[in-house]
């Protein structure tokens, strides 16, 4: 009987929220929170080592953010285990988007990326 093939994958979902109390519209400061859930959908334990974000303003300007871990943590996720955290960003425009990846290392040393699909950052429109 052969062992099951190793499968390296994490699924990432993101929910966003505009933060009016941390924004200053007159000064073009738009604050957003993003809540991330990372699920190890593979069959090998893996640790999140670092992150890489590309943040795009509504004007087209971009900034890259790279760093170790997330919110001070480098969680180890067993198969089917998840990790959730909330972070934030500030834009100079009322709309923008983010995309990126988490760099993961499996128990056997295999490195792979958990891709974060683009998601929108949008200030809700207020109707009068």
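Read-outs: derived from the displayed coordinates by stated rules, not from any lab. Because the structure is predicted, anything quoted here is derived from the model rather than measured. Glycine also receives a Cβ, built like all others from the backbone with ideal geometry; neighbour counts cover every protein chain displayed.
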Top-ranked residue in region 93-128 [being part of a loop (DSSP other than H, G, I, E, B) and without any contact (Cβ under 8 Å) to a residue 40 or more places away in the chain; ranked as surrounded by the fewest Cβ atoms within 10 Å (Cβ to Cβ)]:
128
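This table checks each residue for (1) exposed (fewer than 15 other Cβ atoms within 10 Å of the Cβ); (2) assigned to a strand (DSSP E or B); (3) free of Cβ contacts under 8 Å to residues at least 40 places away in the same chain; (4) in contact with a strand residue (DSSP E or B) (Cβ under 7 Å, 6 or more places away or on another chain).
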residue: 52; (1), (2), (3), (4): no, yes, no, yes
residue: 56; (1), (2), (3), (4): no, yes, no, yes
residue: 59; (1), (2), (3), (4): yes, no, yes, no
residue: 64; (1), (2), (3), (4): yes, yes, yes, yes
residue: 86; (1), (2), (3), (4): yes, yes, no, yes
Kindly establish whether residue 124 is touching a strand residue (DSSP E or B) at 6+ places or on another chain (Cβ under 9 Å) and closer than 19 Å to residue 15 by Cα.
yes
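Quick one: is residue 14 over 16 Å from the mean Cα position of the chain (by Cα) and either in a strand (DSSP E or B) or in contact (Cβ under 8 Å) with a residue 12 or more places away in the chain (or both)?
Against the criterion (over 16 Å from the mean Cα position of the chain (by Cα) and either in a strand (DSSP E or B) or in contact (Cβ under 8 Å) with a residue 12 or more places away in the chain (or both)), residue 14 does not qualify.
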